[in-house]
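Worksheet: one structure, shown below.
No lab work stands behind these numbers, since they all come straight from the coordinates. Just so you know, these numbers come straight off a predicted model, no measurement behind them. As a convention, Cβ positions derive from the backbone with ideal geometry for all residues, glycine included, and neighbour counts pool all protein chains shown.
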Amino acid sequence: MSQEAFVDFQDVWLAYNDELLAQNHFAVEDINLQVKQGEFIAIVGPSGCGKSTFMKLTTGLKMPSKGRILVDGQPVTGPLKISGMAFQASSLLPWRTTLDNVLLPLEIVEPYRSNFKQKKAEYAERARKLLGTVGLGGYEDKFPWQLSGGMQQRASICRALIHEPKMLLLDEPFGALDAFTREELWCILRDLWTEQKFNVILVTHDLRESVFLADTVYVMSKSPGRFVVKKEIDLPRPRDLEITYTPEFTNIVHELRGHIGAMRKTGAAINQ
């Protein structure tokens, strides 16, 4: 794995508008973060701490008020084409089949957009293969309302990966699902990442999810959000669900919970 940072935040601060900036009222502050090529990181913290704001900065949907962000060696100056995103709501278009929902980015993002009509059969084959890897083979022609919540979320992850992005950003992707479906999707995401080694930034409230999936977990403080704890997850890979019942796993979850609990009580930042 290259030691060159794939995502590099250099002293990044963000205020949501000029008025708040003039008042030194920041949504996130003093973010210095380096994510290695192919690394899977998770960000946890209390609601409203700026986790989703961090995602917007990473993808270029928001520009920092101060500091700079590099992704894949290039300064972020606008929305990135090299990233895929999935959210808590699967946001599949109800009038499109599963296959057509997954193909959507290829209709929108260059260089695929220009070739979409000529290469549609090839792209559809790629989408079918991807759907097969997440257990949705045979559901290509179903509409979102014919799929369970877990199936919709699988389709959403396929849509985020269809254009083979270098980075996948996941904002509470499994938060609305039941525990069994959630764990099933952890394993699907683990397998996709193991095979393709794209970068992943996962925002989650679920500490077990963060420890099971990530190489490194960052804890964010209450607003203004800043990273106050960095925890490298030293559990062997590949990880299966049995590991979540081991003392080693549980100890890490308790440690992270302790950091978040301490912040809730004091509001004070904890040193790394």
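The table for this structure:
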| item | result |
| --- | --- |
| Most mobile of Thr53, Thr98, Thr250 in a GNM of the chain (Cα contacts under 10 Å) | Thr250 |
| Separation between Cα centres of region 189-246 and region 125-173, rounded to whole Å | 21 |
| Within a Gaussian network of the chain (alpha carbon springs, distance under 10 Å), most fluctuating of Phe174, Phe249, Phe212 | Phe249 |
| Selection of GluC sites (Glu not before Pro), region 187-239, meeting DSSP coil and at most 12 other Cβ within 10 Å | none |
| Over 24 Å between alpha carbons, listed pairs Lys197/Lys230; Lys120/Lys142; Lys117/Lys197; Lys81/Lys117; Lys142/Lys166; Lys81/Lys119 | Lys117/Lys197; Lys142/Lys166 |
| Full-extension gain in nm, Leu93 to Gln118, via 0.36 nm per residue minus C-alpha separation | 6.7 nm |
| Estimated vicinal HN-Hα couplings, Hz - region 31-45 in sequence order (Karplus 6.51, -1.76, 1.60; Gly, Pro = x) | 8, 10, 8, 10, 10, 6, 4, x, 7, 10, 10, 10, 10, 10, x |
| Chymotrypsin sites (Phe, Trp or Tyr not before Pro) within region 69-153: DSSP coil, no more than 15 neighbouring Cβ in 10 Å | Trp95 |
| Relative contact order, percent, the chain [alpha-carbon distance under 8 Å, six or more residues apart] | 24 |
| Per-residue Cβ neighbour rank within 10 angstrom, fewest leading, His163, His259, His25 | His25, His259, His163 |
| Radius ratio Rg over Rh of region 22-86, counting only Cα atoms, Kirkwood formula for Rh | 0.94 |
| Residue among Ser148, Ser83, Ser221 with the largest mean-square fluctuation in a Gaussian network model of the chain, springs linking Cα atoms under 10 Å | Ser148 |
| Global form of region 40-153, assessed from the alpha-carbon gyration tensor, a/c cut-off 1.5 | oblate |
| Theoretical gain in end-to-end length, Thr250 to Lys197 [0.36 nm per residue, Cα-Cα removed] | 16.5 nm |
| The chain - share of DSSP beta bridges that are antiparallel (%, nearest 5) | 50 |
| Chymotrypsin sites (Phe, Trp or Tyr not before Pro) within region 26-55: DSSP coil, no more than 15 neighbouring Cβ in 10 Å | none |
| 5 angstrom amide H check on Gly84, placed H, neighbours 5+ away | Met167, Leu168, Leu169 |
| Gained length - His205 relative to Glu125, 0.36 nm times residue gap less alpha-carbon distance | 25.3 nm |
| Label-to-label distance, nm, for residues given as Leu61 and Ile108 (7 Å Cα→Cβ offset) | 1.0 |
| Kirkwood hydrodynamic radius of region 114-201, Cα pairs, Å | 13.9 |
| Extreme residue, positive dipole direction of the chain, given options Val76, Asn32, Trp186 (C-beta unit charges) | Val76 |
